[in-house]
Amino acid sequence: MKHGLSGYIYRKCRCDVCRQARLDYVRARLTIDGPRNRRRSLAWDVTNRAHRKQYRETNRERILAYQRAWHAAHREEERAKGRARYAADPERFRAKTVSYLRANRDKVLAHISARRARIVGNGGSHTPKEWRDKLTLFANCCVYCGEAKPLERDHGVPLIRGGTDDIANVLPACRSCNSKKGTRTAHEYLGLAA
């Protein structure tokens, strides 16, 4: 009797005929059972969604601790995977980054500003909402030239000179005025500009 041809598959046999017969059997079962199993798993997912959500909420710290430990143990592997994904399709990642920056401009700029303040060590912070309120207060115009151009955050007392990133020290300025001002304070710049 030849293996794989009698209708009985020898599970322990490693010959090519039996191996192929096992693969054919598994593929046939997947085509028959696949849709039914997917329906079962979707039904299970719907019925257990609330339970999983409750579990995540009650065990939040435990889950976060586990994730931190796992990422710390696998940091280099994860970085290598990320570099490989980027190398495979860098244009996709650039497009994704650009679309995120455009959609979340206020959030990104607040993060950059807070990071700069942390590097200098001056502290202070402000939210995107506080920044929008400040823009409304100044009628979306540059505080120095008064023109309604695209505005950016300017620190009245520059971070390099000990100013904070608090909203009280942040002023809306156009790019050209912000660049001309440089490391001078707002009072020094306005005194020179007048």
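The values are calculated or read from the model by the stated rules, or taken from the named source; none is laboratory data. All figures in this text were calculated on a predicted structure; none of them were measured in a lab. Every residue, glycine as well, gets a Cβ built from its backbone with ideal geometry; the counts of neighbours run over all protein chains shown.
How many residues are in a helix (DSSP H, G or I), touching a residue at least 40 places away in the same chain (Cβ under 8 Å) and under 22 Å from the mean Cα position of the chain (by Cα) when one looks only at the stretch 111-127?
Summing the residues that are in a helix (DSSP H, G or I), touching a residue at least 40 places away in the same chain (Cβ under 8 Å) and under 22 Å from the mean Cα position of the chain (by Cα) in the stretch 111-127 gives 4.
For A87, are the conditions met, namely being touching a residue at least 24 places away in the same chain (Cβ under 8 Å), of a type outside the set (D, E, K, R) and assigned to a helix (DSSP H, G or I)?
Judged against the criteria, A87 is not a match.
May I ask you to say which residue of D154, D133, D89 is modelled with pLDDT of 90 or more, acidic (D, E), over 19 Å from N178 (Cβ atoms) and in the same structural domain as N178 (by TED's automatic domain parsing)?
Selected residue: D133, the only one of D154, D133, D89 that is modelled with pLDDT of 90 or more, acidic (D, E), over 19 Å from N178 (Cβ atoms) and in the same structural domain as N178 (by TED's automatic domain parsing).
Under 8 Å between Cβ atoms, at least 6 apart or on separate chains: pull out the pairs that start in the stretch 49-66 with a residue that is assigned to a helix (DSSP H, G or I) and end on any residue that is not aliphatic (A, V, I, L, M).
I63/R56
Kindly evaluate S99 against the criterion of being loosely packed, with under 12 Cβ neighbours inside 10 Å, over 29 Å from the mean Cα position of the chain (by Cα) and not in a loop (DSSP other than H, G, I, E, B).
no
When you go through A80, A43, A95 one by one, which is the residue that is among the hydrophobic types (A, V, I, L, M, F, W, C), modelled with pLDDT under 90 and farther than 30 Å from R161 by Cβ?
A43
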